[in-house]
Amino acid sequence: MSLLSDFYSGKLYPYEELNKHNPDFKPIGDKIEAEKYGWLKNVLSERDFRRFEEKLQVYYYDAHDYWQEKGFMYGFRLAVMLIAEIYTGK
């Protein structure tokens, strides 16, 4: 089936493609989980944990930047493939 047919029939859903478990993203998510819910929550006081959690925001920004870049690249590639299909008829 062609990309255009898949897109029309709902088989091509870009959001799903971007949200697959990507091995490049996993280390960032693991850092967030390990730091936030790991041993520090049990060791630090509530006040210190809140301050530390604020510092974790940097990881969230890294994750956001990662998905922004991947989304842009995926969308650009998909658009080029759709244009190529339109022009070639394949």
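For residue 24, the conditions (1) among the charged types (D, E, K, R); (2) in contact with a helix residue (DSSP H, G or I) (Cβ under 8 Å, 6 or more places away or on another chain); (3) in a helix (DSSP H, G or I) are fulfilled apart from (3). Of the residues making up the stretch 30-68, those that are of a type in the set (A, V, I, L, M), in a helix (DSSP H, G or I) and over 23 Å from the mean Cα position of the chain (by Cα) are 40, 43. The residues of the stretch 13-29 that are at pLDDT 75 or above and surrounded by 11 or more Cβ atoms within 10 Å (Cβ to Cβ) amount to a single one, 28. Would you say residue 79 is touching a Gly at 6+ places or on another chain (Cβ under 9 Å), of a type outside the set (D, E, K, R), surrounded by 10 or more Cβ atoms within 10 Å (Cβ to Cβ) and at negative phi? When the stated conditions are applied, residue 79 does not pass them. Scan the stretch 68-90 for residues that are of a type in the set (Phe, Trp, Tyr) and in contact with a Leu (Cβ under 7 Å, 6 or more places away or on another chain) and jot them down. Result: 74, single match.
Among the residues here, residue 85 qualifies as modelled with pLDDT of 85 or more and in a helix (DSSP H, G or I).
The values are calculated or read from the model by the stated rules, or taken from the named source; none is laboratory data. As the structure is a computational prediction, the values presented were derived from the model and not from experiment. Ideal geometry is used to build each Cβ from the backbone, glycine not excepted, and the neighbour counts take in all protein chains shown.
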